[in-house]
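Below is one structure; the comments refer to it alone.
The values are calculated or read from the model by the stated rules, or taken from the named source; none is laboratory data. Just so it is clear, the structure is predicted and the values come from calculations on it, not from any experiment. Reconstructed Cβ throughout: ideal geometry from the backbone, glycine too, with neighbour counts over all protein chains shown. These accessible areas exclude ligands, DNA and RNA; they are computed on the full protein's heavy atoms, side chains included. Shrake-Rupley method; radii C 1.70, N 1.55, O 1.52, S 1.80 Å.
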Amino acid sequence: MDYIKRDMESLVVALSKEYSCILITGPRQVGKTTMLEHIDGARKKVTLDDLQERALARRDPEMFLKVHPAPILIDEVQYAPELFSYIKIAIDNGAPAGSFWLTGSQSFKLMNLAQESLAGRIAILQLPSLSQHELFGTGTEAPFEVSQNALMLREQNSTNADINAIFERIWRGQLPSIASGKYTNHDVFYSGYLQTYIARDVKDELKINDDGKFTDFIRAAACRVGQEVNIHSIAIDVGVSDDTAKRWLGVLEKSEIIFFLHPYSNNLLKRVVKAPKLYFFDTGLVAYLTRYSSPEILQNGSLNGAILENYVVGEIRKTYLNCGKECNMFYFRNKESNEIDIIIESNGMVHPIEIKKSSNPTLSMVKAFDVLKKSNLPVGMGAVICAKDNLTALDASTFVIPLRIL
């Protein structure tokens with residue numbers, strides 16, 4: 001399998017000249033270690049998937065760092081949290097920039113550990129699954145902006161793709177091994193991915209004895225992508241208590257199988273829905289869990305709009321993560337059912353975005369944007385992201401953005 005260049009590479013190189021320790025978190029199999037080995041192939045790597053190395057790191061972290069001196073890449077560092085205190089000592093004693101590269105797949109846990117032990121001494125980055133730009137684009141990536149110059153540059157750096165091609169990308173997924181074509185059997189790949197995830201990340205955390213029950217829970221969540229979270233509804237479907245469903249959903253978020261888009265509100269916008277919306281980090285996993293056997297069936301299925309929304313939200317989020325930037329992205333819905341799929345808050349303005357499968361958007365699709373006039377922030381350019389072939393506009397305040405240029 002040929003290596004796919006990651007947009008985060010230049011950021012890692014730059015930060016390695018400033019920070020003694022860099023932590024790369026992200027879901028399993030997104031290519032964290034592969035990226036770091038590509039950046040510095042000569043650096044020694046130790047994986048804590050190796051039970052002997054894990055035991056040493058936990059039992060005697062000081063000795064572990066002596067027998068594996070910096071510069072070092074430590075993979076799956078979440079298995080030995082004891083290392084963090086000793087890495088702090090090494091940094092305080094003058095460890096040079098770039099000494100420690102760490103990776104792990106339990107982001108929340110790792111971030112808490114790193115911030116407790118290494119506050120001010122560590123750069124933390126989240127590597128997502130492959131972006132559309134990494135797979136099909138050219139040029140340098142930048143955070144997604146609703147501005148004419150930024151969108152024109154995106155269009156210039158993108159490749160043509162109609163709605164059929166977009167749903168092929170959505171169905172196949174964005175994990176390197178499947179997106180690159182290394183593995184071609186979609187069901188076998190994602191079945192193995194799910195089994196590995198449950199065995200390594202879930203069983204110890206939740207003490208689950210019934211793998212099938214938890215798989216049913218993930219499937220129930222996948223059927224609700226792009227929807228406001230209703231824990232009771234998921235719990236009923238799976239046959240568990242609300243408390244169990246809430247705890248299990250928390251584990252899916254902590255291990256970055258899912259993420260949430262929170263509602264946008266301020267004091268001037270009344271009667272706003274307060275539940276977050278649910279999305280998966282990888283649309284191929286959603287397609288597998290919801291049993292869509294081909295891109296064509298998915299494109300015409302009942303989930304097509306929701307999974308397209310998941311794809312768009314995920315791609316915009318990746319442009320920020322890959323640049324190490326915070327993504328101030330929300331959704332809006334009020335009690336009167338006025339809904340805006342995405343609101344990006346940037347530079348003191350809000351930018352409303354609607355997501356449509358259509359190739360011929362109309363002004364009626366963005367009528368809800370008017371609600372934001374009551375916001376205490378000025379409303380910037382809005383957009384409809386859709387299957388249009390080329391970048392254009394609906395009016396002076398609304399771009400029409402092709403899905404292919406995300």
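Applying both filters, DSSP loop and at most 11 other Cβ atoms within 10 Å, to the trypsin sites (Lys or Arg not before Pro) of region 11-60 gives LYS17. Building the convex hull from the alpha-carbon atoms of region 252-342 and averaging its projection over directions returns 7.2 nm².
A simple spin-label model places the labels of GLN148 and SER177 4.7 nm from each other, with each point 7 Å out along Cα-to-Cβ.
Region 328-385 and region 13-56 have Cα centres lying 39 Å from one another. Averaging 1/r over every pair of different alpha carbons in region 30-174 and inverting the result gives a Kirkwood radius of 17.8 Å. Considering every Cα-Cα pair within region 170-209, what fraction, in whole percent, is farther apart than 14 Å? Counting every Cα pair in region 170-209, those more than 14 Å apart make up 52 percent. Sorted from longest to shortest, the spans of the Cα atoms of region 147-281 along the three principal axes equal 51, 51, 23 Å. The GluC sites (Glu not before Pro) of region 315-364 that DSSP puts in a loop, and whose beta carbon has at most 15 other beta carbons within 10 Å, are GLU326, GLU336. The GluC sites (Glu not before Pro) of region 1-39 that DSSP puts in a loop, and whose beta carbon has at most 14 other beta carbons within 10 Å, are GLU18. A Förster radius of 45 Å combined with the Cβ-Cβ distance from THR362 to LYS66 puts the calculated FRET efficiency at roughly 0.10. Evaluated with a Cβ-only charge set (Lys, Arg +1; Asp, Glu -1), region 302-404 carries a dipole of roughly 60 debye about its Cα centre, given to the nearest 20. Size of the chain from its Cα atoms: along the principal axes, largest to smallest, the extents are 66, 49, 46 Å.
Taking label positions 7 Å along the Cα-Cβ direction at both GLU345 and THR392, the computed distance is 3.4 nm, reported to one decimal.
Over region 111-175, the alpha carbon radius of gyration divided by the compact-protein estimate 2.2 N^0.38 Å works out to 1.56. Computed over protein heavy atoms with a 1.4 Å probe, the carbon and sulfur contribution to the accessible area of region 113-204 reaches 46%. Short-range pairs are left out: with C-alpha atoms under 8 Å and at least six residues apart, the relative contact order of the chain is 17 percent. Think of the chain as having a plus end and a minus end, set by charges on the Cβ of Lys, Arg, Asp and Glu; of GLN195, VAL286, VAL67, VAL286 sits farthest toward the positive end of this dipole. Considered as an equivalent ellipsoid built on the Cα gyration tensor, region 1-41 has semi-axes of 18, 12, 9 Å, the largest given first. Rolling a 1.4 Å probe across all protein chains gives LYS88 an accessible area of roughly 70 Å².
For region 329-406, what proportion of DSSP beta bridges, expressed in % and rounded to the nearest 5, is antiparallel? Bridges in region 329-406 that DSSP calls antiparallel: roughly 55 percent. Length gained on full extension, THR159 to SER337, computed as 0.36 nm times the residue gap minus the Cα-Cα distance: 60.5 nm. Here, region 266-406 has an Rg and a Dmax of 15.6, 46 Å when only alpha carbons are counted. Across region 32-97, Cα-Cα pairs farther apart than 20 Å form 25% of the total. Using Cβ point charges alone (K and R +1, D and E -1), the dipole size of the chain about the Cα centre works out to roughly 480 debye.
Among residues other than ALA387 with Cβ under 10 Å from its Cβ, the summed charge is +2 (Lys and Arg +1, Asp and Glu -1).
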